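What follows is a set of notes on a single structure, which appears directly below.
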Amino acid sequence: MIKVSVNGEVKEIEEGLNIHQLIEVLEYKVKGFAVAVNTTFVPISEYHKKIVQEGDKIDILAPVQGG
């Protein structure tokens, strides 16, 4: 198990997860959100390749409607 920060909250997760798996583990249901790891945007096409590391700061940003 490793510890990471997700939206400012420390989470303990299984080691070796990629971004796609992390989103599933955290049960995010909304589609179309943006993900940044250590302030670097991760494109959807990279979710399966980007492995979460101990101490990573992950921001998952859901779209906001309005005008």
With a point put 7 Å past each Cα toward its Cβ, work out how far Ile44 is from Glu24 in nm, to one decimal.
1.7 nm
Residue-count net charge about Val25 - beta-carbon cut-off 15 Å; Lys, Arg +1, Asp, Glu -1:
-3
How large is ³J(HN,Hα), in whole Hz, for each residue of the range 57-63 in order, when computed from phi with the Karplus curve 6.51 cos²θ - 1.76 cosθ + 1.60 and θ = phi - 60°, using x for Gly and Pro?
9, 10, 10, 10, 10, 7, x
Just need the Rg to Rh number for the chain, please, alpha carbons only, Kirkwood Rh.
0.96
The chain - percent relative contact order, Cα under 8 Å, separation 6 or more
44 percent
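Since every read-out is calculated from the coordinates, none of them should be taken as a lab result. Everything numeric here is computed off the predicted structure, so don't read it as measured data. Here the Cβ is made from the backbone with ideal geometry for all residues, glycine too, and neighbour counts use every protein chain on show.
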